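Note sheet for the following structure.
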Amino acid sequence: MKNLVIENKGNQVILKINKKGFDENYLISLLKRLQVEELAQKSDYNSDILSIAEQINQDWWDKNGENFLKGVKR
């Protein structure tokens, strides 16, 4: 048996996974990621949120970057 089989049946996509072919923690992580992706799609956000997130990130690095990287060779 292959480690991963994908079947398309009408409105369903069926994934068959050989549990011997994958680490259990990896599979759990993958399924959690799929749940997050599903929730993100349901949230119906627009691309403006990405620019806001980038600005928040940049502001944090501008304010905290030097202290955060103190002692790290550059």
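Taking GLN41, is it modelled with pLDDT under 90 and either more than 30 Å from LYS2 (Cβ to Cβ) or not aromatic (Phe, Trp, Tyr) (or both)?
Details: modelled with pLDDT under 90: yes; either more than 30 Å from LYS2 (Cβ to Cβ) or not aromatic (Phe, Trp, Tyr) (or both): yes.
Taking the combined requirement at face value, the residue satisfies it.
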What is the one condition in (1) within 22 Å of the chain's Cα centre (by Cα); (2) in contact (Cβ under 8 Å) with a residue 12 or more places away in the chain that ASN57 does not satisfy?
-> (2)
Does segment 10-24 include one or more residues that are out of contact with any Cys (no Cβ under 8 Å at 6 or more places or on another chain), assigned to a helix (DSSP H, G or I) and either surrounded by 10 or more Cβ atoms within 10 Å (Cβ to Cβ) or without any contact (Cβ under 8 Å) to a residue 60 or more places away in the chain (or both)?
-> yes
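The values are calculated or read from the model by the stated rules, or taken from the named source; none is laboratory data. Keep in mind that this is a model prediction, so the values were computed, not measured. Note that we place each Cβ from the backbone using ideal geometry, even for glycine, and neighbour counts take in every protein chain shown.
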